[in-house]
Amino acid sequence: MIKDERWEGVYSFEDSPYLMETLTNLRNVSTENISFRKGLVRLGRYMGYELTKTMEFEEMHVQTPLEKTKGIFPKDRSNVVIITILRAAFPLMEGLIKNFESAKVGIVSASRGHAPDFKIEMNYIKVPQVTPEDTVIVSDPMIATGSTLIHVLKEFKDSKPKRMMIVGVLAAPEGINAVKAEFPDVEIFVTKIDDKLNSDGYIVPGLGDAGDRAFGEPFKVSMLPQMHNLE
Ligand code: URA
């Protein structure tokens, strides 16, 4: 895990050959849906494992069949809430939850309109109660403009969780700047920070549309009555 000196609390995993190999496969235009989804699960699982190294544990004693010895109680690992932003975050969440077996999981449906305004519509939110002991992990593969993430993070601000973090595959500097301007304390963990956003709001060099790559191009997209219409 490498701290990015441009921001506080932003980390990439360029020092991990395992993650860089997986990212290379995700970037490859020839990678099919199934392998793409498997790659996202792998990333979620491995990144979740790395995240546990940043979490607090409590010392405890454990009785083996022979004698008492020291052990640890995974205090923070037991208090995780994973927020999954439909649709591409599903496989990432599947990987994360393998490390955080007791995590509570919330779902947010949000979609981004087209350039130039990239209007965000959030039309479904089902999330568990968040307490000050909790670590909220928002899983979103692509931190592009950051607008969706900002709206999602606002939902949890008042609960004052112990930590709020975003776990993704790639980020654009523009998206990190936008999130950090609103939420300076949010920690961001991505495999790599790419060069920029293009005028269509895609991360470059990126990996394309993560939802389409994972699940195929949609035939029909329709919105249910909107809960929030956000500028
Ligand atoms: N969402 C994606 O799926 N890909 C991008 O490059 C940006 C946003």
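The values are calculated or read from the model by the stated rules, or taken from the named source; none is laboratory data. These numbers were taken from a predicted model, which means no experiment stands behind them. Here the Cβ is made from the backbone with ideal geometry for all residues, glycine too, and neighbour counts use every protein chain on show. Side chains are part of the model used for accessible areas, which takes the heavy atoms of the whole protein and leaves out ligands, DNA and RNA. Shrake-Rupley method; radii C 1.70, N 1.55, O 1.52, S 1.80 Å.
Can you tell me which residue among Leu96, Leu92, Leu43, Leu86 is within 13 Å of the chain's Cα centre (by Cα), open to solvent by 40 Å² or more (accessible area, probe 1.4 Å) and among the aliphatic types (A, V, I, L, M)? Quick ask: steps written out before the conclusion?
Values: Leu96 fails: open to solvent by 40 Å² or more (accessible area, probe 1.4 Å); Leu92 fails: open to solvent by 40 Å² or more (accessible area, probe 1.4 Å); Leu43 fails: open to solvent by 40 Å² or more (accessible area, probe 1.4 Å).
Leu86 is the lone residue from the list that is within 13 Å of the chain's Cα centre (by Cα), open to solvent by 40 Å² or more (accessible area, probe 1.4 Å) and among the aliphatic types (A, V, I, L, M).
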Next item on the list: List every residue pair whose Cβ atoms lie under 6 Å apart, where the two residues are 6 or more positions apart in sequence or sit on different chains, the first residue falls within the range 21-34 and is farther than 10 Å from Ala214 by Cβ, and the second residue, located anywhere, is in a helix (DSSP H, G or I) and of a type in the set (Lys, Arg).
Entry: Thr22/Arg42
Item checked: Unmet requirement for Asp140, which otherwise passes all of (1) acidic (Asp, Glu); (2) surrounded by fewer than 18 Cβ atoms within 10 Å (Cβ to Cβ); (3) under 22 Å from Gly48 (Cα atoms) -> (2)
Checklist line | Test for Val136: is it within 16 Å of the ligand (Cβ to nearest atom), touching a residue at least 24 places away in the same chain (Cβ under 8 Å) and among the aliphatic types (A, V, I, L, M) | finding: no
Checklist line | Close pairs from the range 102-115: first over 15 Å from Ala89 (Cα atoms), partner of a type in the set (Asp, Glu), Cβ under 6 Å, at least 6 apart | finding: Ala115/Asp200
Next item on the list: Go through the range 207-217 and give me each residue that's open to solvent by less than 80 Å² (accessible area, probe 1.4 Å) and either in a loop (DSSP other than H, G, I, E, B) or out of contact with any helix residue (DSSP H, G or I) (no Cβ under 7 Å at 6 or more places or on another chain) (or both).
Entry: Leu207, Gly208, Asp209, Ala210, Gly211, Asp212, Gly216
Check: For the range 145-176, how many residues meet the condition of being more than 14 Å from the ligand (Cβ to nearest atom) and either surrounded by 22 or more Cβ atoms within 10 Å (Cβ to Cβ) or not β-branched (Val, Ile, Thr) (or both)?
Finding: 16
Check: Applying the selection to the range 99-121, what residues are under 17 Å from the mean Cα position of the chain (by Cα) and among the hydrophobic types (A, V, I, L, M, F, W, C)?
Finding: Phe100, Ala103, Val105, Ile107, Val108, Ala110
Check: Identify, please: which residue in the range 144-188 is without any contact (Cβ under 8 Å) to a residue 60 or more places away in the chain and among the β-branched types (Val, Ile, Thr) and is, among those, farthest from Ile97 (Cα to Cα)?
Finding: Thr145
Checklist line | Options Val136, Val179, Val169; residue that is under 21 Å from Phe57 (Cα atoms) and modelled with pLDDT of 95 or more | finding: Val136
Next item on the list: Out of the residues in the range 195-206 that are closer than 12 Å to Arg27 by Cα and more than 7 Å from the ligand (Cβ to nearest atom), state the one that is least open to solvent (accessible area, probe 1.4 Å).
Entry: Val204
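Looking at Glu133, Glu56, which one is closer than 21 Å to Tyr11 by Cβ and open to solvent by 60 Å² or more (accessible area, probe 1.4 Å)?
Among Glu133, Glu56, only Glu56 is closer than 21 Å to Tyr11 by Cβ and open to solvent by 60 Å² or more (accessible area, probe 1.4 Å).
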